[in-house]
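Reviewing the structure listed below.
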Ligand SMILES: Cc1ncc(C[n+]2csc(CCOP(=O)(O)OP(=O)(O)O)c2C)c(N)n1
Ligand SMILES: [Mg+2]
């Protein structure tokens, strides 16, 4: 099918009527709510006493350390106030992602006003006493963080690290057809790479099966210390940019509150009418042209309604309003008076009754129950989460009689499992696969049998598997992939991110934030567990046939293992059946970040499904069949492996030792779950010392062939008694486009080198086994010459199989 890329600039069916302007009383109600929220935001930043200003403000009412961000808060309060109105009027299911998450005081203020805060934290009541506590706890020891943190009701986005709001918003919208996801984007945030890329998410938003995203670009003009780019280009240029991103801008600007309220109300109505029309024409009339979605461009002063000038310099409407506009309140009587005047300018006596409760008028436009932005179950995704319908692994397992005879591509085998999950969620639509253009390259193409790739752009005859309703998501932005998946998981669904191992580093910082989020939510009883974030890292360092050095970097696991042990899990399944077992476990798990590293190239099958399950449950274990221990004495040496390629080299090295040094007692250990190497006190999967000592011995040489950078293994095992005897081989940045075996030779991870390592380290072997060592060295030299002449690996390497 060929479809044109004509965009819907005007609604295809009857145009929406222009929204009716709000009456003065309705505007006054909105303004009262906005003033109340502004008052509460300022109060949180400054006060630890006298919350209702029932007496003149004194220095001791003011916090000793003034922490928080005022500048963005009035804008966020404006958006919250106006979202409330349209949500209530339309009975609209809605959530909001607050990109400038440093505006915590604003979102907390609104949550307190709508009652979700007191509902979540009953000790902070919606009265004067509760207000006092709300103020005091903000950015205060033992209190709550300054950002829109996991602790904040209604939040799925902390916003501390800027750039991810819009991709989170889209992730929340996928497969939630009734949901509106509003998303405030700071004009500074809009300069980040991830945010810039995520505008294109609208080419993937299905107006039929997905919800809507309403971006609100908040042009308050400034970042911390500089103007924001998008606020300083001519309006028409900004419009062209947004138009180019496939949006229809709706403008709101000004600094007169009542006229901004009027414009903002009109903008919200226009945007929501337009969204409703787009959805109706797509859903009821079957229109497939890509719609032009609305975006609100909100241009109001930074720190609006705050002090215009402080100590003779302008603050309101400048970058100086970013954090705390009056810094010396406790010591400077002038600042104290200014703060009091500022807070009284909101006329709190009109907004709160004698008990400090918001008056009816303030709450007149606030929605009820789950329609409140702080109460949407979508923002506590675990409430909505259902177990994935996972198939029996027997259906996909590969038969293994004797180990090391047959070959399979592990990720391709996994593709079968994922197809089944896609198929089983066809109607539920709560599973998505994301990746930067690599699903097929990573051999997961079987999923296309169950779902195509989401795509709302032009479709040409040459294209394959593109689908307006697809749940495989491919965009060449790792940031966007990550953001989408996070948003999807946080709102109660499941997914998997498949990525080239080297390039997953692009999201190092994003995964940090997600891990922090999970680590925090685990300690909040009201936050229900969500599905884990699962990475499948493939096209890994050892098999970069087409690509070479730039594509060789196994360091993501080093990065991830620095993070909260209660959240992170790292798996190196050595073959197809172990990959199935690990993936099954990961897809069932909650609140983790699971990193699975597995190859896509043909790989020997070592374990049948039953053994694979047992091995994965152990996380690390002895492969008796591969070693030469006879049980009568301790092994002379341990050959350990983590990773599919290191496993092959270790088994092959063990076979060489069996042949050349048959009297040597060799133990072969395989590690699937890397955290097993850590002390039990440091990681929930860590192995207690007795178990570790029994497996690796306390005093025998351990030659450990590891998939990634060798130092990681030392780092994990440094406290073990046997650590001085641990010798790790791994990737040491030696790489290029070469043969598969040459990669391991270059990094001294090959079977011949491992045999030499054994000879070098087992006491008494050096002299006796010198001829064997020399033979190994000779093969490595022969390898060097052979690959340069033939372009392929040595026949004995290519034709190798295990014969025990
Ligand atoms: C990725 C990232 N880089 C830098 C910062 C430090 N930072 C915090 S707020 C801010 C300015 C944000 O400006 P903008 O997005 O316009 O927000 P607003 O003006 O609404 O406060 C910066 C640079 C950050 N939080 N995240
Ligand atoms: Mg700004």
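Contour minus end-to-end for residue 715 and residue 508, with contour as 0.36 nm per residue of separation and end-to-end as the Cα-Cα distance?
Numbers: separation 207, 0.36 × 207 = 74.52 nm, distance 1.96 nm.
Computed gain between residue 715 and residue 508 is 72.6 nm.
Mind checking the angle between helix 609-618 and the chain's longest principal axis? C-alpha axes, 0 to 90 degrees, to the nearest 10.
It works out to around 70 degrees.
Determine by what factor the alpha-carbon radius of gyration of the chain differs from 2.2 N^0.38 Å, reporting the quotient.
1.08
For the stretch 244-391, count the residues as N, evaluate 2.2 N^0.38 Å, and divide the Cα radius of gyration by that value, please. Write out the running numbers ahead of the final one.
Numbers: Rg = 22.1 Å, N = 148, 2.2 N^0.38 = 14.7 Å.
Here the answer is 1.50, to two decimals.
Sort the following peptides by mean Cβ neighbour count (other Cβ atoms within 10 Å, averaged over residues), highest first: 614-623, 342-351. Present the calculation step by step, with values, prior to reporting the outcome.
Working: 614-623: 18.8, 342-351: 17.2.
Ranking the peptides 614-623, 342-351 by packing returns 614-623, 342-351.
For the pair residue 782 and residue 237, how long in nm is the line joining their label points, each one 7 Å along Cα→Cβ?
Here the answer is 6.8 nm between the modelled labels.
Starting from the alpha-carbon convex hull of the stretch 144-282, give the projected area averaged over all orientations, in nm². Spell out each step's value before the answer.
Numbers: hull surface 37.7 nm².
So the mean shadow area of the Cα hull is 9.4 nm².
What is the gain in length, in nm to one decimal, between residue 67 and residue 402 on full extension, counting 0.36 nm per residue of separation less the C-alpha to C-alpha distance?
Separation in residues times 0.36 nm, less the Cα-Cα distance, equals 114.1 nm.
In nm, to one decimal, how far is the modelled label at residue 698 from the one at residue 464, with both set 7 Å along Cα→Cβ?
Label at residue 698, label at residue 464, 5.9 nm between them.
Just how far, in whole angstrom, is the stretch 575-606 from the stretch 439-492 if you go by their alpha carbon centroids?
Answer, in whole Å: 21.
Between residue 285 and residue 424, what length in nm is gained on full extension when 0.36 nm per residue of separation is reduced by their alpha carbon distance?
On the way: separation 139, 0.36 × 139 = 50.04 nm, distance 2.81 nm.
The span from residue 285 to residue 424 would gain 47.2 nm if fully extended.
Quick one: helix 410-424 against the long Cα principal axis of the chain, what's the angle to the nearest 10°, folded into 0 to 90?
That works out to roughly 40 degrees.
Between the stretch 398-434 and the stretch 379-394, how far is it from one alpha carbon centroid to the other, in angstrom?
For the stretch 398-434 versus the stretch 379-394, the Cα centre distance is 17 Å.
So what is the relative contact order for the chain, in percent, with contacts set as C-alpha pairs under 8 Å and at least six apart?
Numbers: 1757 pairs, mean separation 92.5, N = 804.
Over the chain, the number comes to 12 percent.
Defining a contact as two alpha carbons under 8 Å apart and six or more residues distant in sequence, what relative contact order in percent does the stretch 708-776 show?
Values: 49 pairs, mean separation 15.0, N = 69.
That works out to 22 percent.
Sort the following peptides by mean Cβ neighbour count (other Cβ atoms within 10 Å, averaged over residues), highest first: 279-285, 448-454, 89-95.
Averaged packing, sorted descending, gives the order 448-454, 89-95, 279-285.
For residue 590, put the label point 7 Å out on the Cα→Cβ axis and report which residues of the stretch 494-530 keep their amide N under 13 Å from it.
522-530
Rg/Rh for the stretch 151-226: what does it come to with C-alpha atoms and Rh from Kirkwood?
So for the stretch 151-226, dividing Rg by the Kirkwood Rh gives 0.99.
In percent, how large is the relative contact order of the stretch 212-285, given Cα pairs closer than 8 Å and 6 or more residues apart?
This gives 18 percent for the stretch 212-285.
Taking Cα centroids, how far is the stretch 749-790 from the stretch 632-661 in Å?
Between the Cα centres of the stretch 749-790 and the stretch 632-661 lies a distance of 14 Å.
Give me the one-decimal Kirkwood hydrodynamic radius in Å for the stretch 618-660, with the sum taken over alpha-carbon pairs.
11.2 Å
What is the angle, in °, between the Cα long axis of helix 128-137 and the longest principal axis of the Cα atoms in the chain? Nearest 10 is fine, range 0 to 90.
So the helix axis and the longest Cα principal axis differ by about 40 degrees.
Sort the stretch 585-692 into rounded, prolate or oblate with this rule: let a ≥ b ≥ c be the square roots of the eigenvalues of the Cα gyration tensor; rounded if a/c is under 1.5, and if a/c is not under 1.5, prolate when a/b is larger than b/c, oblate otherwise.
Since a/c reaches 1.5 but b/c is at least a/b, the shape of the stretch 585-692 is classed as oblate.
Put a dot 7 Å past each Cα toward the Cβ at residue 224 and residue 526; how far apart are the dots in nm?
Reported label-point gap for residue 526 and residue 224 is 3.1 nm.
What are the extents of the Cα atoms of the stretch 347-429 along their three principal axes, listed from largest to smallest and rounded to whole Å?
In descending order, the Cα extents are 82, 26, 16 Å.
Quick check: convex hull over the Cα atoms of the stretch 54-116, volume per residue in Å³, rounded to an integer? Let's see the in-between values first.
Values: hull volume 7.8 nm³, N = 63.
It comes to 123 Å³ per residue, whole-number rounded.
Quick one: Debye curve from the alpha-carbon atoms of the stretch 652-711 only, equal weights, vacuum; give me log10 I(q)/I(0) at q = 0.13, 0.16, 0.19 Å⁻¹ to two decimals.
Here log10 of I(q) over I(0) equals -0.44, -0.64, -0.84.
If packing is taken as the average number of other Cβ atoms within 10 Å across a peptide's residues, how do 791-801, 490-500, 527-537 rank, most packed first? Please report the intermediate quantities before stating the final value.
Working: 791-801: 13.8, 490-500: 26.1, 527-537: 24.2.
Descending packing order for the listed peptides: 490-500, 527-537, 791-801.
Can you work out the FRET efficiency for the pair residue 191 and residue 350, with r the C-beta to C-beta distance and R0 = 30 Å, to the nearest 0.05?
Numbers: r = 39 Å, r/R0 = 1.31.
That gives a FRET efficiency of 0.15.
Laboratory data are not the source of any read-out in this text; all were calculated from the coordinates shown. Computed from a predicted model, the values in this text were never measured in an experiment. Cβ atoms come from the backbone with ideal geometry, glycine included; neighbour counts cover every protein chain shown.
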